[in-house]
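Values quoted throughout were computed directly from the atomic coordinates according to the rules given, and no laboratory measurement underlies them. The shown structure was predicted, so the numbers you read here are calculated from the model rather than taken from an experiment. Here Cβ is always computed from backbone atoms with ideal geometry, including for glycine, and neighbour counts include all displayed protein chains.
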Ligand SMILES: Cc1cc2nc3c(=O)[nH]c(=O)nc-3n(C[C@H](O)[C@H](O)[C@H](O)COP(=O)(O)OP(=O)(O)OC[C@H]3O[C@@H](n4cnc5c(N)ncnc54)[C@H](O)[C@@H]3O)c2cc1C
């Protein structure tokens, strides 16, 4: 007989498997990447984990034990991921997703190990992105790991941009490193004298070559450039003392000093001779822009890995917390559930897990966007060359025209036949994707690492005192500190916010955000449990706020949305990141639901898994929308001056007399008069007359709507919490503590 109690929906039984992740992060059809994940994992959970567990992080020095990891990376194919097959690599085509997956696996155990591997790619990246074919062939081949039977030590590289204070840091334009012409014999390659001091340079303890940013110190060299230095070059190649850092101890960091003579053909991308001057083809900013655009995504993925890696150790700790005590006998709640009998412990873990999902989804979406963009960029370069478009200015003008057309088409209804052009025309496809990547990259770096570091603290706190000991399973304390470095290097949060404040206002990006808003509403009609509707409302509120800030001033008439006003632009960038990450998470949960049944290993238990992932989406969309709403409200109202009890303030208030006489005409009006000035001039005891909403009625109605859109999000959290308390985990972590 029916009891009237609804059946409990199915839920998660085990931690998400590799097959699940392959579907969510879209590499289920990439066997090469699946194998790469396995080999990176064997290094991470083998030699890397053993080194951390045996105290390898307790020294700043580059030790033989740490150096052994480089060999392990080579053997596992990690070093070769960056290279093209003709240079000793094994992955043809774009490698952003591949590099992100490697970083994810290594950072799951130790961020420093991940950085040691990635810093080699960072050193090669200027050459990969802007190097001459000769430079590419030479350094990629030197850096490629030896083939079986080959007796050769691969070259290691370091990337040297940052300089001692007061020079290069966040502001990459303040270069003190200098390049001069040392010798230039007629008809021969000029010889350059390079002077560069670096600060906090990764891999410097063992690098054989360095890609260094320098400015011209000679009137015969025009502008800045990146120059390749080798350890055998004549002069000083001083690695400096190791940095006494508190984080990423498995990577080598130091403050090197270089004073070297190098041939001019070491200028990355080459140079032209113009009127007796050396003109580098790319200045240092153009090179680093191309480099960081991709490498920052990988850093964001590292912090996502840390959060997701915390789930299993926290569950195990919580469950076992009271076992062995007299009152915790097998079968008792205390024994079986331990701390998981407490709602708060579970809810906090739900938040950490949801953040980890959202940040991984955002990071991998960004990596995939670059994988799609890379070949398109080459197609577009060819197209421009065919049409005779040369030079940066002409290129920009041409692409702007394409962007305008894309914005126009995106505004057409979905049924309009012109919309097909967006996919079929490579130029339009490129500008759309490019504007997306311009936002996704800094968003990943900013939100994943910045917010990720905050949430790692939460993870550590769930382990109590154990969390801040060296014995903590999953090395959570290390990961918390390490996350702060991920938020700092390759440009700290201010750099990402500054970039976002420009790229997020690109009309082409905004047109896509409008489309994503509609997409979220459509998803919500099919899958209300994701909270996608809430997210759509928050996106609308963000768009409204941007428009408002771009067209209004503060109480003193100062323009609000402008580069110097970081108090306006930066928080708005933060708000957007929350929304983007939550959107990617929702899309990945849908992909899992759509494709999960195709894989027998995932199909079993799919309903419960999808239910759980949907609940995590709901938790995150609610949090993200709430954060965005809080930030937007502060920006919309925060720059108006609050009315005071002065003449101007009084003008908006009722006088007691006036209200009394109105009462005769409109009975009850007295109840609505909040700010009433008494006949004796007295006023209510509060900050001033209540502020008006100044044309922000639409904002307020969105705000109120958002509050009610949160309906059900806590039920989702309860369900996710209960699921976590029942989920099966392995007996022990698969890497040492
Ligand atoms: C372990 C480690 C490894 C590293 N590896 C490398 C490497 O391999 N190669 C390399 O070149 N560099 C490397 N770095 C350097 C790193 O990239 C810089 O530390 C980072 O970019 C920040 O620069 P800074 O330390 O000079 O900070 P600062 O520029 O002094 O910034 C300090 C604070 O002020 C804020 N701030 C600065 N300028 C602005 C602004 N205009 N607007 C708003 N806020 C601002 C910043 O956000 C930050 O919060 C490494 C650093 C560390 C710690």
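Structure above, values below:
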| read-out | value |
| --- | --- |
| Full-stretch length increase - residue 401, residue 170 - with 0.36 nm per residue and alpha-carbon distance subtracted | 79.9 nm |
| Beta bridge orientation in the chain: antiparallel %, DSSP, nearest 5 | 75 percent |
| Region 605-737: translational diffusion in µm²/s, Stokes-Einstein, Kirkwood Rh over Cα pairs, 10 °C, 1.306 mPa s | 80 µm²/s |
| Acute angle (nearest 10 degrees) that the helix 64-76 long axis makes with the longest principal axis of the chain, alpha-carbon atoms | 90 degrees |
| Quarter of the Cα convex hull surface for region 342-424, i.e. its orientation-mean projected area (nm²) | 8.9 nm² |
| Potential extension, residue 553-residue 74 segment - 0.36 nm per residue separation minus Cα distance | 166.8 nm |
| Hull-based mean projected area of region 240-331, where the convex hull spans the alpha carbons, in square nanometres | 11.1 nm² |
| Cα→Cβ-extended label distance, 7 Å offset, between residue 334 and residue 525, nm | 5.5 nm |
| Theoretical FRET efficiency, 1/(1+(r/R0)^6), r = Cβ-Cβ of residue 374 and residue 494, R0 35 Å, to 0.05 | 0.80 |
| Whether the chain is rounded, prolate or oblate, judged on the alpha carbon gyration tensor where a/c under 1.5 counts as rounded | oblate |
| Kirkwood Rh, Cα atoms: Rg over Rh of region 1-142 | 1.15 |
| Average projection area in nm² (convex hull over Cα atoms of region 158-200, one quarter of hull surface) | 3.8 nm² |
| On Cα atoms only, tilt of 111-130 relative to the major axis of the chain in degrees | 70 degrees |
| Estimated D of region 165-254 in µm² per second, where Rh is the Kirkwood radius over Cα pairs and Stokes-Einstein applies at 20 °C, 1.002 mPa s | 147 µm²/s |
| Cα→Cβ-extended label distance, 7 Å offset, between residue 147 and residue 259, nm | 4.3 nm |
| Stretch gain in nm, segment residue 273-residue 230, where the contour uses 0.36 nm per residue and the Cα spacing is subtracted | 13.1 nm |
| FRET efficiency, 1/(1 + (r/R0)^6) with R0 51 Å, evaluated for residue 180 and residue 708 via beta carbons | 0.15 |
| Protection proxy ranking of 586-592, 644-650, 271-277 - average other beta-carbon atoms within 10 Å, highest first | 586-592, 644-650, 271-277 |
| The chain - percent relative contact order, Cα under 8 Å, separation 6 or more | 15 percent |
| Peptide ranges 317-327, 240-250 listed from the most packed, as the mean C-beta count within 10 angstrom indicates | 240-250, 317-327 |
| Region 95-176: C-alpha gyration tensor shape, a/c 1.5 cut-off, then a/b vs b/c | oblate |
| Length-normalised contact order for region 98-166 - Cα pairs under 8 Å, 6+ apart - percent | 29 percent |
| Protection-proxy order for peptides 187-194, 719-726, each taking the mean of Cβ atoms within 10 Å per residue, highest first | 719-726, 187-194 |
| Sorted by Cβ neighbour density within 10 Å, fewest at the top, the residues 609, 15, 510 | 15, 510, 609 |
| Computed P(r) (all Cα pairs; region 612-688; 10 Å bins; percent) | 16, 28, 20, 18, 13, 6, 0 |
| Helix-only CD estimate at 222 nm, as mean residue ellipticity for the chain, using -39500 (n - 2.57) per DSSP H run (n ≥ 4) | -18000 deg cm²/dmol |
| Mean separation of Cα contacts under 8 Å (6+ apart) over length of region 430-499, as relative contact order % | 41 percent |
| Point-to-point label distance, residue 642-residue 92, nm (Cα→Cβ direction, 7 Å offset) | 6.6 nm |
| C-alpha long axis of helix 713-726 to longest principal axis of the chain, angle in ° | 60 degrees |
